[in-house]
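Okay, so here's the structure we're looking at.
The values are calculated or read from the model by the stated rules, or taken from the named source; none is laboratory data. None of these values were measured; they are calculated from a predicted model. Counting neighbours? That spans all protein chains shown, and the Cβs are built from the backbone with ideal geometry, glycine included. Just so you know, the surface numbers come from the protein's heavy atoms only, side chains and all, with ligands and any DNA or RNA stripped out. Shrake-Rupley method; radii C 1.70, N 1.55, O 1.52, S 1.80 Å.
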Amino acid sequence: MRTTTFLTFVGDQCGKAKEALDFYTSLFPNSEVKSLVHYAQGEAGGTPELIKYGVFTLNGTEYRVSESNYDHKWSFTPGVSLFVDSDSEMEVENLFEKLVAHGGMVLMPLDNYEAGDYGFGKKFGWVQDKYGISWQVNLTE
């Protein structure tokens, strides 16, 4: 048994999943869009240009994705985020800067923290990208 993260693009983000996947896979080595299945014409939940189901990897970790044009009453929330650990300060800074520069919003500025402040890293930042996905970026060394 294993778990994975499933991202569903709805509301204002519906139709932006492929753009987001291309951006995300450009940020990490060993990343790719593995498969995309689109809705059939007339199929409930979407239109042929929308992703019904997809699989992609970020640095070897697998994720799932879909889009739905139903009138959902929910979307992405910062309460659930992708947490990125790195032992390279340059990687942490570059990732944070790229997420912000690509239309992201800083939730917590990337800053140095004394050990114990958060308990999991020496430099930490939190950003919500332009697609609504929340990222926590953490320096582990």
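Points worth noting:
- Of everything in segment 52-75 that is modelled with pLDDT of 95 or more and in contact with an Asp or Glu (Cβ under 8 Å, 6 or more places away or on another chain), the residue that is nearest to VAL10 (Cα to Cα) is LYS52.
- Pick from segment 76-108, criterion in a loop (DSSP other than H, G, I, E, B) and open to solvent by 60 Å² or more (accessible area, probe 1.4 Å), ranking: modelled with the lowest pLDDT: GLY79
- Annotation note: of VAL65, VAL55, VAL33, the sole residue that is under 14 Å from the mean Cα position of the chain (by Cα), open to solvent by less than 50 Å² (accessible area, probe 1.4 Å) and in contact (Cβ under 8 Å) with a residue 40 or more places away in the chain is VAL65.
- Qualifying residue in segment 109-116 (condition: over 20 Å from the mean Cα position of the chain (by Cα), under 16 Å from ALA17 (Cα atoms) and either hydroxyl-bearing (Ser, Thr, Tyr) or modelled with pLDDT under 95 (or both)): no
- Checking each residue in segment 37-51 for being crowded, with 17+ Cβ neighbours inside 10 Å and at pLDDT 95 or above picks out HIS38, TYR39, LEU50, ILE51.
- Residue in segment 17-34 that is among the charged types (D, E, K, R), in contact with a His (Cβ under 7 Å, 6 or more places away or on another chain) and assigned to a strand (DSSP E or B) present: no
- In summary, TYR70 fulfils each of the numbered conditions (1) open to solvent by 70 Å² or more (accessible area, probe 1.4 Å); (2) assigned to a strand (DSSP E or B); (3) in contact (Cβ under 8 Å) with a residue 24 or more places away in the chain with the single exception of condition (2).
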